[in-house]
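Notes follow the structure.
The values are calculated or read from the model by the stated rules, or taken from the named source; none is laboratory data. Quick caveat, the model's predicted, so the values are computed rather than measured. A quick note on method: Cβ atoms are made from the backbone with ideal geometry, for glycine too, and the neighbour counts reach across all protein chains shown.
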């Protein structure tokens, strides 16, 4: 992430802001911008197709060619668009030189936008600018190939930006216009993108009583890891606050305010004239609180613009994760899964479970029989009954009743006591001298042939 330090009283001059439209979609967005909102901002159109580079009516035109292309576009090849931008690097550096904030707006499904936009952002970052990406994702009907190109390009763009505002064409057409023609649908999307850019420019370039800066925008939007909830509205006259809020909530990217219940972070910015009452701002924020989740982290700011006079403009930007982006982990660690079955998909889990069951079945016949379980916690306290003996002991043939055998030590008789022929242990034998080899002279069990001290030792 590009380091950026904000002074509380710092306001970026519009002349220090550069707005770049890359590719066909980016150049068309330049045309949709309100000139009053972008007064003083430098607009630059960049395209590989020389005939389309002036579509945005920008003062500066850069033909991305560098000898790579004959001026007829990339044919949808992002690699060609990237190479064309790399070959035009010097012209891009000169265009963004001196800018404090650079907006790179591109439709990422095409070859020029998907390939060149990340290079443009990287070159602007080299110049020390705060880089904001405006990423436009294609309609669903444009096909899986363009969707895959856009997702890959979003990864590359996010790696070079301080924040990325992700706008999906599919969600920018209002429901009443669902049956509108193709041209009208694209025009509605371009208009919504233009309003989003104008709103962000108001936040960045207007002085604030309660200041919001680019770092607040970065905290809310991150770099494309969240789905964007965006709405803006302007109203004048009585109850202007409520009217502006209703217009903002009617924006298709907010969907009547239901999406705001799911956001984790939310930015609310008011742009008003110099004479707005404090109670009116309080009233607007009380109404906003009914739509934003109580768990959401709120960034709030108020900017003063004398040109607003009796008008009030409100901008609401929120971010919430969805299934398509929840694998993305952070600002500088951005990645999407490649197409295919996800590691945690139901198909993968079911295959894993079937594999485990098959493995268990293949080894079950080799396993030893399960031993009977005995609770040892009460074994010492309960006397053992005869029928609880193991079957091995119960089935053994019963021999003649004999008394319990004595231990070997109890059966050993030392000395000369016993019946029959006398035998002695070598441990107790003593030299008999001249009587050796003769029968001992025994009286009352004592060997009189032994000296008295030996007989006493016995």
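Here are some notes:
- Test: residue 108 is buried (at least 21 other Cβ atoms within 10 Å of the Cβ), touching a helix residue (DSSP H, G or I) at 6+ places or on another chain (Cβ under 7 Å), closer than 20 Å to residue 33 by Cα and free of Cβ contacts under 8 Å to residues at least 60 places away in the same chain: yes
Here's the yes/no breakdown for (1) outside any helix (DSSP H, G or I); (2) at pLDDT below 95:
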{"residue": "80", "(1), (2)": "no, yes"}
{"residue": "102", "(1), (2)": "yes, no"}
{"residue": "106", "(1), (2)": "yes, no"}
{"residue": "118", "(1), (2)": "no, no"}
{"residue": "124", "(1), (2)": "no, no"}
{"residue": "136", "(1), (2)": "yes, yes"}
{"residue": "149", "(1), (2)": "no, yes"}
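- Filtered by the rule that a residue be in contact (Cβ under 8 Å) with a residue 40 or more places away in the chain and in contact with a strand residue (DSSP E or B) (Cβ under 8 Å, 6 or more places away or on another chain), the stretch 281-296 gives 281, 284, 288.
- Entry remark, the stretch 256-276: residues being in contact (Cβ under 8 Å) with a residue 12 or more places away in the chain, in a helix (DSSP H, G or I) and in contact with a helix residue (DSSP H, G or I) (Cβ under 9 Å, 6 or more places away or on another chain) number 2 in total.
- For residue 187, the test of being within 19 Å of residue 108 (Cβ to Cβ) and in a helix (DSSP H, G or I) is failed.
- Count of residues meeting criterion [within 21 Å of residue 24 (Cβ to Cβ) and in contact (Cβ under 8 Å) with a residue 60 or more places away in the chain] in the stretch 122-143: 6
- Checking each residue in the stretch 288-317 for being within 18 Å of residue 209 (Cβ to Cβ) and either in a loop (DSSP other than H, G, I, E, B) or modelled with pLDDT under 90 (or both) picks out 304, 305, 306, 307, 308, 309, 310.
- Residue match in the stretch 277-287 (condition: part of a strand (DSSP E or B) and farther than 17 Å from residue 196 by Cα): no
- Hey, residue 212 buried (at least 23 other Cβ atoms within 10 Å of the Cβ), modelled with pLDDT under 95 and part of a loop (DSSP other than H, G, I, E, B) or not: yes
- Across the stretch 142-164, a minimum of one residue is classified as within 19 Å of residue 191 (Cα to Cα) and either touching a strand residue (DSSP E or B) at 6+ places or on another chain (Cβ under 7 Å) or surrounded by fewer than 21 Cβ atoms within 10 Å (Cβ to Cβ) (or both).
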